[in-house]
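Working notes, beginning with the structure itself.
Quick note: the coordinates plus some simple rules give every number you see, no bench work behind them. The structure presented is a predicted model; accordingly, all values stated were derived computationally and were not measured. Note that each Cβ is placed from the backbone with ideal geometry, even for glycine, and that neighbours are counted across all protein chains shown.
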Amino acid sequence: MAMANKVFIILLLISLTVFANARQKASIKQTRVSFIAKNQTASQIFKIIEAKTAYRFSYSPSDISGKLLLNFSYHHQTLEKILQDLALTSNLKFLVHEHAIGVSVNYPPTSNVIRIKP
């Protein structure tokens with residue numbers, strides 16, 4: 001294998017590693033998502049977000065009402081804004097720690113609550 005090919009492969013691997021690490025460390029303010037959800041439950045929207053980001057949701061199924069159908073359309077929107085919209089429309093609150101998002105019911109309803117643990 002020629003030296004130029006080896007250097008190219010090494011640089012490619014380094015670039016991919018840096019890109020993967022940067023993606024994993026993106027905060028909810030930096031992570032951007034695009035999707036359209038028509039008549040979707042909160043848990044279905046969580047699955048859409050999980051498929052498009054490194055974030056994972058944790059919640060009790062009894063806390064997530066399957067009867068509330070949500071409609072959202074986002075183009076390159078921050079995950080922070082999406083969570084704020086979900087909090088406002090579904091009476092949920094979110095606790096973000098690294099790439100885990102805890103979801104619970106917001107009783108009594110307060111302003112849209114998104115807490116980020118250090």
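Would you mind computing, in nm to one decimal, how far apart the modelled labels at TYR107 and LYS29 are, each placed 7 Å from Cα along Cα→Cβ?
So the label points at TYR107 and LYS29 sit 3.3 nm apart.
Name the residues whose placed amide hydrogens come within less than 5 Å of the amide hydrogen of LEU70, ignoring near sequence neighbours (fewer than 5 apart) on the same chain.
ASN39, GLN40, THR41
In Å, what Rg and Dmax follow from the Cα atoms of the range 28-116?
Spelled out, the Cα radius of gyration and Dmax of the range 28-116 are 11.8, 32 Å.
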